[in-house]
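J.: Before anything else, here's the structure in question.
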Amino acid sequence: MAPPTPIGEVNRAMTQTVAVLGTGKIGEALLSGMIRAGWRPADLLVTTRRSERAEELRTRYGVEPVTNAEAAKRADTLILAVKPQDMERLLDELAPHVTADRLVISTAAGIPTSYIEERLTTGTPVVRVMPNTPVLVDEGMSVISKGGHATGAHLAHTEEIFGGVGKTLRVPESQQDAATALSGSGPAYFYYLVEAMTDAGILLGLPRAQAHDLIVQAAIGAAVMLRDSGEHPVKLREAVTSPAGTTISAIRELENHGVRAALIAALEAARDRSRELASGNG
């Protein structure tokens, strides 16, 4: 994980104009995180499809709604927070206005930096980011990769933006599909597991609300221990697993049903789908 950027560099970055294009849930999370981190609303632009949404963002954050073309003309950094299927149309709209001194950051799953670079002015720096939905509660993980024209300074600037809503990690772009499978889609796997465990709790005789509370707190506690203890997950699991006890009986059933193999296969499928999106086979 990259070290924090010196304060002086952060302050210089915060004097730039940043535009969030496609300010949905993830875009709004970034916007609010940037403001909390010290960006001035006067230096932030937003674009949306609906005028009601634009006014909502203006009222809530004090930012200026603009068109995509105006954002491309005025902003030093453009964050493309649109769905992958909307990227081609957006780039066609931006291309006449984006000069090579702009930084373009994309959060669209499966879209490689080369796809964006080919449609903009030659030499335009592009950074690809795969955030996950916990950015909505400032606990996200954003995986960052640079394109062919981006520099370390562009990566640091991207980290300043996404660091306001969680952690960041730099990886080569060749690892982005794997990161998407593991981190971008990762929260869904945990929600799926909580859903299944809640159903199991009901089967065992607990009310749904109690089962849910027990499982969620167990998940939070386990996550904090994984983060803060520095211990390997095997060691933490072994600490709960007494000889001939309840936990080892449960683990045996998980192994008998191939849960580990199923998880590996599931992540491989997610990675492969990310590759299909990148190749245009959506």
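The values are calculated or read from the model by the stated rules, or taken from the named source; none is laboratory data. As the structure is a prediction and not an experimental result, all values here were calculated from the model. A quick note on method: Cβ atoms are made from the backbone with ideal geometry, for glycine too, and the neighbour counts reach across all protein chains shown. SASA here: full protein model, heavy atoms, side chains in, ligands and nucleic acids out. Shrake-Rupley method; radii C 1.70, N 1.55, O 1.52, S 1.80 Å.
J.: Kindly establish whether Ser274 is outside any helix (DSSP H, G or I), open to solvent by less than 80 Å² (accessible area, probe 1.4 Å) and in contact with a helix residue (DSSP H, G or I) (Cβ under 9 Å, 6 or more places away or on another chain).
T.: Taking the combined requirement at face value, the residue does not satisfy it.
J.: Another one. Among (1) closer than 30 Å to Glu117 by Cα; (2) open to solvent by 60 Å² or more (accessible area, probe 1.4 Å), where does Lys235 come up short?
T.: All conditions are met except number (1).
J.: Out of all the residues in the range 168-203, which are of a type in the set (Gly, Ala, Ser), open to solvent by 50 Å² or more (accessible area, probe 1.4 Å) and touching a helix residue (DSSP H, G or I) at 6+ places or on another chain (Cβ under 9 Å)?
T.: Ala178, Ala188
J.: If you go through the range 133-167, how many residues are more than 18 Å from Ile111 (Cβ to Cβ), open to solvent by less than 20 Å² (accessible area, probe 1.4 Å) and not in a helix (DSSP H, G or I)?
T.: So the answer is 1.
J.: Follow-up question, since we're still on this one. Does Ala108 count as within 18 Å of Leu277 (Cβ to Cβ) and either touching a strand residue (DSSP E or B) at 6+ places or on another chain (Cβ under 8 Å) or assigned to a helix (DSSP H, G or I) (or both)?
T.: Judged against the criteria, Ala108 is a match.
J.: Right, here's the next one. For the range 62-82, which positions are assigned to a helix (DSSP H, G or I), in contact with a Ser or Thr (Cβ under 8 Å, 6 or more places away or on another chain) and crowded, with 18+ Cβ neighbours inside 10 Å?
T.: Asn68, Ala71
J.: Which ones in the range 204-219 are assigned to a helix (DSSP H, G or I), hydrophobic (A, V, I, L, M, F, W, C) and open to solvent by 90 Å² or more (accessible area, probe 1.4 Å)?
T.: If the condition is that a residue be assigned to a helix (DSSP H, G or I), hydrophobic (A, V, I, L, M, F, W, C) and open to solvent by 90 Å² or more (accessible area, probe 1.4 Å), then Leu214 is the only one that fits.
J.: Another question, if that's okay. Which of the residues that make up the range 31-59 are under 23 Å from the mean Cα position of the chain (by Cα), among the polar types (S, T, N, Q) and in a helix (DSSP H, G or I)?
T.: Ser32
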